[in-house]
Amino acid sequence: MPLNVHPDIAALSPYVPGKPIEELQREMGLARVIKLASNENPLGPSPKALAAIGEGAATLHRYPDGGAFRLREALAGRWKVTPDHVILGNGSDEILGLLARTFLAPGDEAVMADHTFVIYKMEVMAAHGKAVTVPLTQWRHDLPAMADAITARTRLLFVCNPNNPTGTMVSADEVGRLMARVPEHVIVVFDEAYFEYVRSAAFPESMAYVTRGRNVIVLRTFSKIYGLAGLRIGYGVTTPEITDYLNRVRPPFNANSIAQRAALAALSDDEHVARSRAVNAAGMEQVGQGLRALGFAPIPSEANFIYVDIGRDGRQVFEALLRQGIIVRHIEGRMIRVTIGQAEENQAFLTALARVLQAG
């Protein structure tokens with residue numbers, strides 16, 4: 001008997017994660033695999049977070065603090081807001097789902113780039129909303145065109161900054177012009193998962209829109225520079241009114257106790273963050289130079305990955321690199337995304353890529 005599935009859900013394609021290291025080793029009999037596919041911190045977790053994880057293991061029989069008091073208080077202090085401005089998620093991805101479920105009625109619209117984080121469209125369609133996609137211009141968000149796309153049915157507008165998968169950024173001036181055109185019935189979602197890696201002084205201070213009372217939510221994560229991807233914890237900073245509505249659909253124990261402990265410790269580990277930024281900056285230069293030496297023109301990135309047109313079938317290059325124990329991400333067509341690793345890992349990727357190109 002056929003299943004009765006809503007057409008909006010049936011039309012979705014499942015998210016395909018990067019291939020795990022252990023799976024590739026089993027499949028191909030490789031002794032060593034380098035994963036540069038999921039934008040993870042190559043240095044691993046904050047040492048302070050690892051210590052906190054060990055200390056919390058003895059209390060795993062207890063439910064976590066459903067209100068995450070200590071972590072929300074620390075985040076509020078960091079961003080000069082009150083704890084009522086902060087909401088936690090099982091990764092910032094979960095908050096995207098909460099936003100869609102809370103603010104979209106069937107047929108309501110959400111504006112986003114056509115080449116951005118795929119979860120936006122998935123969550124909007126799962127909530128039976130309409131995803132309105134706007135083409136990138138030179139691999140960057142076209143904010144004027146996104147403002148033009150707003151209608152009376154628009155409820156959410158997503159700006160991934162820096163953008164995943166391109167790594168490109170929109171500036172404070174560009175965001176200011178966008179915000180001058182966004183009406184009050186639209187919530188602007190600034191997804192800033194890679195915020196801590198940004199080097200440009202022109203990056204917008206999007207938290208300021210929250211403190212001014214605009215209908216804005218700024219999403220951040222502990223998965224990237226803090227190295228806690230496996231614990232799945234992220235957060236949003238927004239108005240108390242928006243957090244109040246989101247908390248009505250948020251599962252009560254969505255941020256587990258170990259994740260809360262680790263995130264609280266990682267937040268204070270400035271040394272680990274500084275080292276991670278330095279390794280990323282050096283690796284970005286190393287990989288960028290290496291790709292240019294091979295004849296490619298990588299897209300300038302403000303994140304911890306590089307997006308590049310490989311000049312041939314990207315799926316074939318991806319699979320050839322897999323056979324050499326290098327996992328990158330094939331996005332579409334000729335485009336691949338490579339995460340910045342440690343220097344040895346970056347060089348292994350460049351060497352393997354040169355070998356693949358030479359083999360034809």
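The Cβ shell under 15 Å around residue 243 holds other residues with a net charge of +1, Lys and Arg each +1, Asp and Glu each -1.
Distant-in-sequence amide contacts of residue 191, defined by a placed amide H-H separation under 5 Å and a gap of 5 or more residues or a different chain, comprise 159, 160, 161, 219.
Around the Cα centre of the chain, unit charges on the Cβ atoms of Lys, Arg, Asp and Glu (plus for the first two, minus for the last two) sum to a dipole of about 300 debye. Over all other residues within a Cβ to Cβ distance under 15 Å of residue 8, the charged ones net out to 0, with Lys and Arg as +1 and Asp and Glu as -1.
Database remark: amide H of residue 154 closer than 5 angstrom to the amide H of 109 (H placed geometrically; neighbours at sequence offset of 5 or more, or on other chains; Pro and chain starts carry no H).
Please report the orientation-averaged projected area of the stretch 47-267, defined via the convex hull of its C-alpha atoms, in nm².
For the stretch 47-267, averaging the hull's shadow over all directions gives 11.6 nm².
In the stretch 47-267, Cα pairs under 8 Å separated by at least six residues give a relative contact order of 29 percent. Between 212, 140, 261, the residue with the greatest mean-square fluctuation in the GNM of the chain (Cα pairs under 10 Å linked by springs) is 212. Other residues with beta-carbon under 15 Å from the beta-carbon of residue 139 carry, at +1 per Lys or Arg and -1 per Asp or Glu, a net charge of -3. Applying the Karplus relation 6.51 cos²θ - 1.76 cosθ + 1.60 with θ = phi - 60° to the stretch 286-293 yields 3J(HN,Hα) values of 4, 6, x, 4, x, 5, 5, 5 Hz, where x marks Gly and Pro. For the stretch 257-266, backbone phi angles converted through the Karplus equation (6.51, -1.76, 1.60; θ = phi - 60°) give residue-by-residue couplings of 5, 5, 4, 4, 4, 5, 5, 4, 5, 5 Hz, Gly and Pro being listed as x.
Remark: 128, 330 ranked as 128, 330, counting other beta-carbon atoms within 10 Å and listing the fewest first.
Ranking 127, 111, 180 by Cα position along the charge dipole of the stretch 88-180, where only Lys, Arg, Asp and Glu carry charges on their C-beta atoms, puts 127 farthest toward the positive end. Distant-in-sequence amide contacts of residue 305, defined by a placed amide H-H separation under 5 Å and a gap of 5 or more residues or a different chain, comprise 340. What the Cβ-Cβ distance of residue 4 and residue 274 gives, at R0 = 41 Å and to the nearest 0.05, is a FRET efficiency of 0.15. Ratio of Rg to Rh for the stretch 53-163: 1.09 [Cα atoms; Kirkwood radius as inverse mean 1/r over pairs].
Could you give the length gained on full extension between residue 84 and residue 281, defined as 0.36 nm per residue of separation minus the Cα-Cα distance, in nm?
67.4 nm
Just so you know, all these numbers are worked out from the coordinates, no wet-lab data involved. The shown structure was predicted, so the numbers you read here are calculated from the model rather than taken from an experiment. Note that each Cβ is placed from the backbone with ideal geometry, even for glycine, and that neighbours are counted across all protein chains shown.
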